[in-house]
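The values are calculated or read from the model by the stated rules, or taken from the named source; none is laboratory data. What you see is a predicted model, and the numbers here were worked out from it, not measured in a lab. No Cβ is skipped: glycine too gets one built from the backbone with ideal geometry, and neighbour counts run over all protein chains shown. Accessible surface areas use protein heavy atoms only, side chains included; no ligands, DNA or RNA. Shrake-Rupley method; radii C 1.70, N 1.55, O 1.52, S 1.80 Å.
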Amino acid sequence: MTRVKICGLTSTDDLRVAVEAGADAVGLLVDVPVDSPREIDPQRAVEIAEAAPPFVTTVLVTMPESPDRAVELARAVEPDAVQVHGEMGVGDLAYLTASVEAKVIKVVDAGDPDEARRYDEVADALLVDSVDDDGAGGTGQTHDWDRTAEVVSTLDSPVVLAGGLTPTNVADAVRTVEPFAVDVASGVDRDGVGDETASGETVSDETPSADGRKDPDAVADFVANAKRTHSAPTP
Ligand SMILES: O=C(O)c1ccccc1NCC(=O)[C@H](O)[C@H](O)COP(=O)(O)O
């Protein structure tokens, strides 16, 4: 069964929504150099992580300015996993994995298959995303799932599929890519639920008023649709 991460929780209310829907993991976005309605401060991340029940994986999602900053944040928030966006070399990622107790997930660009292969040995998992020029996520944009499926089949690490997923398209995505897990942020936000075009591409309709809060119905539908769909066996 495909695992599901709901990313960008901003409150313990969002946490309750994700847990009640049956999410396996929740993402807490701290220290990103981009404007995101889902970013929270480290203290809020600590509060949400502490409120998470057993068997729900807490993920610190960050774009740190240095590996040491990621270590510092991980020690403060004490998540089960750290998800790293942006520039961090393979050696620095190895340093991070050796320095924190949490599992380390490296975000890689769906448009750059070689990047995924470079990090395959050192990361605990890879998250394949549609990233912007800086490596930030939360774009609400899908990518070429057929091409991603080919890349995934060459990797040893568990792969998390992200980028423009919604309650409507997640079943197709799971069938096509057969990832270990799926991840969603803007596609289940209250004011940012994505719309699909006729070609199947997802375009986020996130508005300036989007505040990152989760839509309970969208979260429940997303988790149910992801989990009822056939996926790859556990590695
Ligand atoms: O969500 C953000 O705004 C964000 C900003 C900077 C770095 C990472 C961010 N999100 C991390 C995630 O893991 C998202 O869930 C992932 O990129 C998918 O986002 P979406 O396409 O909105 O579902």
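Some observations on this one:
- P(r) weight above 16 Å for segment 68-107, C-alpha pairs, percent: 19 percent
- Take every DSSP beta bridge whose two residues both sit in segment 3-227; close to 10 percent of them are antiparallel.
- Spread of Cα-to-Cα distances over 5 Å intervals beginning at zero, given as percent, for the chain: 1, 7, 16, 20, 23, 18, 11, 3, 0, 0
- Fraction of accessible area attributable to carbon and sulfur, the chain (%, probe 1.4 Å): 45 percent
- Longest segment of the chain lacking GluC sites (Glu not before Pro) that sit in a DSSP loop with at most 15 other Cβ atoms within 10 Å: 122-200
- Count of lysine pairs in segment 3-227 with Cα separation under 15 Å (8 or more residues apart, or interchain): 4
- Average accessible surface area per residue within segment 3-227, 1.4 Å rolling probe, Å²: 43 Å²
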